[in-house]
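Below is one structure, written out as structure tokens, with a few remarks after it.
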Amino acid sequence: MELEKGIQGPGEIVTEYAKAIRKLIKHVDSDKNWTEEQKIHFFTKGLRTDLSYALWPLLALKDNPTMNMAIELAQRIEDNQRMHLESTLPIFASASQVAATSFAV
């Protein structure tokens, strides 16, 4: 099944991945018989592992989660991870500068 191959590629953001998965689902489920749970399953199955693990508990708290909810939450998680990484990079950079200067003494 073509949909089984849908995985988030390296460097691919959630928005791009979600667009590709929606296209695959539309192709495979042309009669629109799939439930939201089935769509969410295939979306999360190919999602980066760290995003998928963070996403499932949040979806479990929702009544009747939808594919749109899953995508939105995954985007928020990804954005938060990116912001956290960007905010910690200066700390690591300055720590390595301190280490480099202390060895030079």
Query raised in the report: Setting aside same-chain residues fewer than 8 positions from Lys62, which lysines have a Cα under 21 Å from its Cα?
Result: Lys39, Lys45
Report summary line: Diffing the stretch 41-52: the Karplus 3J(HN,Hα) column from phi (6.51, -1.76, 1.60, θ = phi - 60°), in whole Hz with x for Gly and Pro, holds 4, 6, 5, 6, 4, x, 5, 3, 4, 5, 5, 4
Query raised in the report: Between Ile13 and Asn68, 0.36 nm times their residue separation minus their Cα-Cα distance comes to what?
Result: 18.2 nm
Query raised in the report: So if we plug the beta-carbon distance of Glu86 and Asp31 into 1/(1 + (r/R0)^6) with R0 = 41 Å, what FRET efficiency do we get, rounded to 0.05?
Result: 0.40
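Coordinate-derived values only; no laboratory data. All of these numbers come straight from a predicted model, not from anything done at the bench. Here the Cβ is made from the backbone with ideal geometry for all residues, glycine too, and neighbour counts use every protein chain on show.
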